[in-house]
Amino acid sequence: MRSYSVAVIPGDGIGIEVVAAALPVLHAAGERHGFQLDTTHFPWGGAYYARHGEMMAADGLQTLRGFQAILLGAIGDARLVPDHVSLHTMLLEIRRRFQQYINLRPHRVLAGVRSPLREADFDILCIRENSEGEYVGAGGRAHVGTPNEVAVETAIFTRQGVERVLRFAFEQARQRSRRLAIATKSNAQKHSMVFWDEVAAAVAADYPDVAATTYHVDALCARLITHPASVDVVVASNLFGDILTDVGAAIQGGLGFAASANLDPTRTYPSMFESVHGSAPDIAGRNIANPCATIWAGAMMLEFLGERAAAASVMRALETVTGAAQVRTPDMGGQHTTEEMGLAIVAALGDV
Ligand code: NAD
Ligand code: IPM
Ligand code: MN
């Protein structure tokens, strides 16, 4: 039987609950499609930090390196560890060190799900640069706590980094509607974003069949709300992509639906699959979080592992359940639990 090793990091808050709901769906898909997910759980996150003074084991990255994929819930428990520490020493560190330079985030409204928009007939794929830019962590502070205090946070963009994400985006656009929206901000950021525009123009020359449009990121945020159907593939820097994809999540019905795949396209390192949302401390521990985003991310993981039919089954089961609207978590206007939503999708897998 085909078997895939998957490192599971539930993390903090609702991350633990949505992963618990998603795993039975993925195992059931494996059973139906003739493969096994060989999962190993790692209890890393805020509680681990409270005990050990670090977010994950000292050899955590080496351990993860041996897996074929990583499924992650969410990281962040500000009561136990400051967010910039937890994220930079774990989630962002994994993305950077495992050269997961592509962050794929699909935005469309699943059957039965209510978008806040009047017209929600869109199918957007956001491709976020995921390894450098505004997230490299270069900078520092001086004269801390004095009136002369300074803080510097330097975004670093390399030609290699910008070009590879743009090429990936053009390739995706070629396979879809041949339209690409490039988010920059070259009217204000006269070094880095002018550079992005130049690299984009050079790469575009290799894709004459793709209609590429450059937008200022602020205008593109607005366009996602006013004319979402005019947008297909989007490519953006790390920070711009972060912001655009919370807008994407909102228009697709909420953060409970937005999935995310952190890919190393070279397959040198394991890729990591998660939701766009975080640990949601405001609803954590109540079994009411929507697990759909993590289940969708799980489907993206199966697809990346080469189990395309299983990935499609999971998405059909997911939409069967959202479409029937009989099982709905509170964010969808219902009263069902995270666990009930997961089980309903497992049951639907038997029918699709
Ligand atoms: P968040 O995404 O956790 O929550 C934002 C809002 O959306 C909250 O009201 C929350 O209840 C709601 N929400 C999120 N996911 C939901 C779901 N599945 N079902 C129903 N409602 C859901 O963002 P935040 O509040 O800015 O961050 C909370 C913590 O998570 C912070 O520590 C932050 O740094 C961290 N974070 C981690 C990740 C990650 O691990 N990938 C992503 C984003 C934020
Ligand atoms: C996301 C999250 C992270 C990011 C945070 C938690 C650092 O918001 O995955 O979108 O900004 O990348
Ligand atoms: Mn985000």
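Quick rundown of the values:
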read-out: Residue list for the range 224-251, restricted to those being away from ligand 3 (no atom under 14 Å from the Cβ) and touching a residue at least 12 places away in the same chain (Cβ under 8 Å); value: 224, 225, 228, 229, 231, 232, 233, 234, 235, 251
read-out: Residue ranges of strands (runs of 3 or more DSSP E) in the range 109-168 with at least 3 members touching a residue at least 24 places away in the same chain (Cβ under 8 Å) and closer than 18 Å to residue 228 by Cβ; value: 123-129
read-out: Qualifying residue in the range 191-206 (condition: open to solvent by less than 50 Å² (accessible area, probe 1.4 Å), among the charged types (D, E, K, R) and in contact (Cβ under 8 Å) with a residue 40 or more places away in the chain); value: no
read-out: Entirely in the range 174-291, the strands (runs of 3 or more DSSP E) that have 1 or more residues that are within 13 Å of ligand 1 (Cβ to nearest atom) and at pLDDT 95 or above; value: 259-263, 271-275
read-out: Residue within the range 10-23 that is touching a residue at least 60 places away in the same chain (Cβ under 8 Å), in a strand (DSSP E or B) and within 27 Å of residue 89 (Cβ to Cβ) present; value: yes
read-out: Residues of the range 36-80 satisfying the condition of being in a loop (DSSP other than H, G, I, E, B), within 23 Å of residue 311 (Cα to Cα) and either aromatic (Phe, Trp, Tyr) or within 16 Å of ligand 1 (Cβ to nearest atom) (or both); value: 67
read-out: Any hit, the range 85-98, residues being away from ligand 2 (no atom under 16 Å from the Cβ), in contact (Cβ under 8 Å) with a residue 24 or more places away in the chain and not in a helix (DSSP H, G or I); value: no
read-out: Close pairs from the range 332-349: first more than 15 Å from residue 28 (Cβ to Cβ), partner at pLDDT 95 or above and not β-branched (Val, Ile, Thr), Cβ under 6 Å, at least 6 apart; value: 334/328; 336/328; 337/287; 338/17; 338/21; 338/287; 338/289; 338/291
read-out: Verdict on residue 77 being open to solvent by 30 Å² or more (accessible area, probe 1.4 Å), of a type in the set (Asp, Glu) and either more than 16 Å from ligand 3 (Cβ to nearest atom) or free of Cβ contacts under 8 Å to residues at least 40 places away in the same chain (or both); value: no
read-out: Only listed residue being surrounded by fewer than 24 Cβ atoms within 10 Å (Cβ to Cβ) and away from ligand 2 (no atom under 16 Å from the Cβ), chosen from 254, 285, 278; value: 285
read-out: Yes/no for residue 23 being closer than 17 Å to residue 273 by Cα and within 16 Å of ligand 1 (Cβ to nearest atom); value: yes
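Conditions (1) in contact with an Asp or Glu (Cβ under 8 Å, 6 or more places away or on another chain); (2) open to solvent by less than 10 Å² (accessible area, probe 1.4 Å); (3) within 16 Å of ligand 2 (Cβ to nearest atom), marked per residue:
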site	(1), (2), (3)
6	yes, yes, no
26	no, yes, no
32	no, no, no
39	no, no, no
44	no, no, yes
104	no, no, yes
108	yes, no, no
115	no, no, no
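The values are calculated or read from the model by the stated rules, or taken from the named source; none is laboratory data. What you see is a predicted model; the values in this text were computed from it and never measured. Every residue, glycine as well, gets a Cβ built from its backbone with ideal geometry; the counts of neighbours run over all protein chains shown. In case anyone asks, the SASA skips ligands and DNA or RNA and just uses the protein heavy atoms, side chains included. Shrake-Rupley method; radii C 1.70, N 1.55, O 1.52, S 1.80 Å.
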